[in-house]
Amino acid sequence: MYHYTDCGLNNVWLKNGYETYETDYGKVVGIHNVEDLHKAIGLHLIANKPRLSGSEVRFLRIELDLSQKELANLLGVTEQSVRGWEKHRNKITKAPERLLRYLYRESVCNNGLLRKLVDRIATLNRDAYHAKIELEETDAGWKQAA
């Protein structure tokens, strides 16, 4: 078995899916289909870990291709909070952890509607929004007025 630490996690072991090579510089390991391997790791984490560690938060953030600031904006927390989680100074709280799990699952399995909604909410300026909400009843039920 191969102890796979290049993903940033210290508890991942591969039974197969890799090859070792001897080079002039020593032993080298080649991993088959790293993208799919990382997807399997991420799906395992979100479905089986009761609480995510800082390293696991970082792994999921990187797999989502987000900066700490971008993840913070999506989760409704500060960049400092994300940094604290990843450096194991603080534990991620339940609501942001759940949203991170949902976002990751959707990113690899679904159509991205949750991400679009979360992105939209993250960009809203709550202080500037004082618009009147106009609704009208239609045959299909209540809708925003045209």
Enter the accessible area per residue of the chain (Å², integer; probe 1.4 Å; all protein chains in place). 72 Å²
In order through segment 99-115: 3J(HN,Hα) via Karplus (6.51 cos²θ - 1.76 cosθ + 1.60), integer Hz, x for Gly, Pro: 5, 4, 4, 4, 5, 5, 4, 5, 5, 9, 10, 10, 9, x, 5, 4, 4
From the Cα gyration tensor of segment 11-86, with a ≥ b ≥ c the square roots of its eigenvalues, which class applies: rounded if a/c is under 1.5, or else prolate if a/b is larger than b/c, or else oblate? prolate
Report ³J(HN,Hα) in whole Hz for each residue of segment 61-68, in order, from the Karplus equation J = 6.51 cos²θ - 1.76 cosθ + 1.60 where θ = phi - 60°; Gly and Pro get x. 4, 5, 5, 7, 6, 10, 7, 4
So for segment 50-97, using the alpha carbon gyration tensor with a ≥ b ≥ c as root eigenvalues (a/c under 1.5 gives rounded; past that, a/b versus b/c decides prolate or oblate), I'd call it rounded
Can you give the accessible area of residue 18, probe radius 1.4 Å, in Å² rounded to 10? 60 Å²
Please list, in order along segment 75-92, the HN-Hα scalar couplings obtained from phi with the Karplus expression 6.51 cos²θ - 1.76 cosθ + 1.60 (θ = phi - 60°), rounded to whole Hz, x for Gly and Pro. 8, x, 10, 8, 4, 4, 4, 4, 4, x, 4, 5, 9, 6, 7, 9, 8, 5
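Going by accessible area, probe 1.4 Å, with all protein chains left in place, what is the ranking of 12, 28, largest first?
From most exposed to least exposed: 28, 12.
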I need to check one value: relative contact order of segment 1-142, counting alpha carbon pairs closer than 8 Å and at least 6 residues apart, in percent. 15 percent
Segment 77-146 to segment 3-31: how many Å between their Cα centroids? 38 Å
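Of 85, 13, which has the most accessible area with a 1.4 Å probe, and how do the rest follow in descending order?
Values: 85 15, 13 135 Å².
From most exposed to least exposed: 13, 85.
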Of the accessible area of the chain, computed with a 1.4 Å probe and all protein chains kept, carbon and sulfur make up a percent value of 49 percent
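The values are calculated or read from the model by the stated rules, or taken from the named source; none is laboratory data. Model, not experiment: these values are computed from the prediction. With ligands, DNA and RNA removed, areas are computed over all heavy atoms of the protein, side chains included. Shrake-Rupley method; radii C 1.70, N 1.55, O 1.52, S 1.80 Å.
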